[in-house]
Every structure is written in structure tokens, then in C-alpha cells.
Amino acid sequence: MRKLLTGFACLGLAITASSALAKDGAQLYKRCSACHLNTGAGVPGAYPAIAGRLQPLASSESGREYLVLVLKAGLMGPMTVEGVTYSSMMPGQAAALKTDGIAAVLNYVMEELNGLKGEDSWTPFTEEEVVAILENNPKVRARDVMKKRAEVFGGQ
């Protein structure tokens with residue numbers, strides 16, 4: 001009986017932690033919304049949209065790594081998104097977002113702004129995944145992320 005109660009307590013903590021992480025993602029995204037807007041629509045010519053176009057990245061290892069590194073180190077350099085060229089810089093958020101915050105923001109963006117909430121094929125980011133990616137890329141900089149972007153998006 002004691003093991004059963006302990007199991008339910010652990011399950012309850014896991015659900016609470018998951019809910020808290022999701023809530024934190026929405027709160028932490030407010031930092032991103034200054035440029036990408038609350039809807040993720042972005043500002044054409046200034047800040048690219050992140051809503052409705054990142055789903056494919058969530059299903060590949062290189063795409064997931066790219067997303068984590070964008071938040072960690074930012075992006076710098078010209079890029080084309082849906083035919084629009086952007087030259088602004090996105091600063092890295094490593095000082096403001098710890099590993100759990102990076103996972104929470106990415107989960108919010110993918111679930112709420114990219115329609116993956118409740119999708120069976122969607123695997124949410126975990127803090128452990130973020131830590132592993134950052135350990136494999138310890139000195140990543142914005143220009144390195146731009147190179148990875150070219151690999152992930154096929155030269156765009």
C-alpha cells in the first residue's frame with residue numbers, strides 16, 4: 001500500500017512539474033514576444049514568424065539541436081524566411097533562460113504557436129535533452145548557429 005501511495009505521489013509531482021513547466025513556458029515566452037509578437041507572427045522584414053512553420057524541426061535531431069542553440073546563442077547574419085530577407089540579430093538568451101527555461105519556451109512555441117499540442121508524434125523538449133545539446137556545443141556562438149541553420153534549412 002505504501003509503495004502504491006508513493007507511486008501516486010510521484011506521478012502527481014511529475015504532472016505538477018510538467019504543468020508548471022508549460023506555464024513557465026508561456027510566461028518566459030513574453031520575453032520573445034517583444035520581437036516575435038504574442039502570436040509568433042513576427043514583424044515582416046524585421047523579425048521572422050516562428051508560428052506555424054517550425055513543426056518539421058521538432059521531428060529531427062538536427063532541428064531540435066538548432067532550436068536549442070538559437071535560444072542559447074542567438075542568430076546573426078542575413079537569412080531568408082518564406083521569401084523575406086532578415087538582417088537583424090537575435091541575441092542569445094542564455095543569461096535569462098536556464099536549461100529548464102529553454103525547454104519550457106521551446107515546448108510553448110511548438111505546442112501553442114506551431115500546433116503540436118496533443119500530437120502523438122510530438123516529443124516535448126526536456127531539460128536533460130537541452131543539457132546534452134549544450135554540453136555537445138559548449139562554445140557555440142550566433143555565427144555557428146547560422147551555419148547550422150543553413151544545414152537544417154538546406155542553405156536558406
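So the values come out like this:
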item: Helices (runs of 4 or more DSSP H) within region 41-156 that include 2 or more residues over 18 Å from residue 30 (Cβ atoms) and among the small types (Gly, Ala, Ser); result: 61-73, 142-152
item: Candidate set from region 71-96 (those that are surrounded by 15 or more Cβ atoms within 10 Å (Cβ to Cβ), closer than 20 Å to residue 127 by Cβ and in contact with a Leu (Cβ under 9 Å, 6 or more places away or on another chain)); member that is modelled with the lowest pLDDT; result: 94
item: Boolean, residue 128 is acidic (Asp, Glu), free of Cβ contacts under 8 Å to residues at least 12 places away in the same chain, loosely packed, with under 14 Cβ neighbours inside 10 Å and in contact with a helix residue (DSSP H, G or I) (Cβ under 9 Å, 6 or more places away or on another chain); result: yes
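The values are calculated or read from the model by the stated rules, or taken from the named source; none is laboratory data. The model shown is predicted, which means the values in this text are computed figures rather than measured ones. Because the Cβ atoms are built from the backbone with ideal geometry, glycine has one as well, and the counts that use them run over all protein chains shown.
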